[in-house]
Amino acid sequence: MEAIYDDGRERCVGFMAELVASVELLTAGSRQLEDRVRRLEAQARQDSRTSSKPPSQDPPKTRQQRRAEARAKAKELLAKQGAAKRQAGAQKGHPGAGRRLAPEDQVDEIVEHYPPACGGCGRGFSEDEQRPGRRFGRHQLVELPPISVLLVEHRTFRLRCPECKARTTATLPAQITGSVFGPRLRAALVTLTARNRISRRAAAELAGELFGAGLSVGTVDAICQDASGVLAGPYQQLREWILAQGALHTDETGWRTAGDSRALWTLSTEGGSIFEIAERCNREQFDELIGG
């Protein structure tokens, strides 16, 4: 600055002019920047409720913001209506929703109830006075009957022919010789383990608790393995029929078998669906699945 001063008056005036011009330029740029920031902030505050922007362009809100807005709306609605604090449960005037009553021809048992005494004077009603009227209340209770397995013993007798004196022993029907457990019980166990994915141990416990049938875990597994063999033929027939249809939907999702990752594939048409557990979910597995 001393050197500029020693250069004389003209040099000082020129330097001051340059300095003023630089300050004015910086001030103008600052104003432009401030205006741009204000415009951007105003645009950021706009949403579908304060502008013509569609709701899809609204910025995401945090859970706290949504809760705060919901509480504010609820307080505003209560203030407008002048209502008291809303009580829990169904409100007055609510039509209600419940299970529809089954028609009388589907009811297995009807139990009639009569009041024992008058609610006004307390006089008791005699048995002759307890007669059904045209109007009555209805309440239906859905309940399971006592469930226990039927233990059926099949006895095979031996008879002696009076002519040749030979002895012949009766043979058991083929449908009961394969297992000591009946087809309905076996089907229930397979349904629990296959469709509902209950473990073999849990299925054995449920069989004892629900049906009173004592089965070991190994027995349950043997029943499931036998069912797999029996269903192999029908499954293959259904698979071939589905693949022969004109339109086919296929999809896959993750599946775990014995702790290992697998893929559960499905082939579906309007008339049927099959599921298949495979090791992979890639293109090669897809081609193998549909026979491509």
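The values are calculated or read from the model by the stated rules, or taken from the named source; none is laboratory data. Remember, it's a predicted structure, so these values are computed and weren't measured experimentally. Here Cβ is always computed from backbone atoms with ideal geometry, including for glycine, and neighbour counts include all displayed protein chains. Keep in mind that these areas ignore ligands, DNA and RNA; they rest on the heavy atoms of the full protein, side chains included. Shrake-Rupley method; radii C 1.70, N 1.55, O 1.52, S 1.80 Å.
So the values come out like this:
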read-out: The lone exception for residue 203 - which of (1) closer than 30 Å to residue 152 by Cα; (2) outside any loop (DSSP other than H, G, I, E, B); (3) open to solvent by 70 Å² or more (accessible area, probe 1.4 Å) it fails; value: (3)
read-out: Unmet requirement for residue 161, which otherwise passes all of (1) more than 41 Å from the chain's Cα centre (by Cα); (2) within 19 Å of residue 227 (Cα to Cα); value: (2)
read-out: Pick from the stretch 159-173, criterion in a loop (DSSP other than H, G, I, E, B) and of a type in the set (D, E, K, R), ranking: nearest to residue 206 (Cα to Cα); value: 165
read-out: Filtered residues of the stretch 4-39 (kept if open to solvent by less than 90 Å² (accessible area, probe 1.4 Å) and under 30 Å from residue 69 (Cα atoms)); value: 37
read-out: Number of positions in the stretch 245-269 that are among the aliphatic types (A, V, I, L, M) and open to solvent by 60 Å² or more (accessible area, probe 1.4 Å); value: 3
read-out: Any chance residue 87 is in contact with a Leu (Cβ under 6 Å, 6 or more places away or on another chain), over 30 Å from residue 182 (Cβ atoms) and at pLDDT below 90; value: no
read-out: Some residue of the stretch 277-287 being of a type in the set (Val, Ile, Thr) and open to solvent by 80 Å² or more (accessible area, probe 1.4 Å); value: yes
read-out: Residues located in the stretch 159-197, provided they are under 25 Å from residue 222 (Cα atoms), hydroxyl-bearing (Ser, Thr, Tyr) and open to solvent by 70 Å² or more (accessible area, probe 1.4 Å); value: 171, 177
read-out: Per-region count, the stretch 106-158, residues part of a loop (DSSP other than H, G, I, E, B), farther than 30 Å from residue 207 by Cβ and open to solvent by 100 Å² or more (accessible area, probe 1.4 Å); value: 15
read-out: Number of the condition not met by residue 53 [criteria: (1) modelled with pLDDT of 85 or more; (2) surrounded by 10 or more Cβ atoms within 10 Å (Cβ to Cβ)]; value: (1)
read-out: Condition met for residue 213 (in contact with a Phe, Trp or Tyr (Cβ under 8 Å, 6 or more places away or on another chain) and either open to solvent by less than 80 Å² (accessible area, probe 1.4 Å) or hydrophobic (A, V, I, L, M, F, W, C) (or both)); value: yes
read-out: Count of residues meeting criterion [open to solvent by 90 Å² or more (accessible area, probe 1.4 Å) and either among the β-branched types (Val, Ile, Thr) or modelled with pLDDT under 70 (or both)] in the stretch 56-78; value: 4
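Here's the yes/no breakdown for (1) within 22 Å of residue 288 (Cβ to Cβ); (2) free of Cβ contacts under 8 Å to residues at least 24 places away in the same chain:
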residue: 184; (1), (2): no, yes
residue: 199; (1), (2): no, yes
residue: 211; (1), (2): no, no
residue: 225; (1), (2): no, yes
residue: 252; (1), (2): yes, no
residue: 260; (1), (2): yes, yes
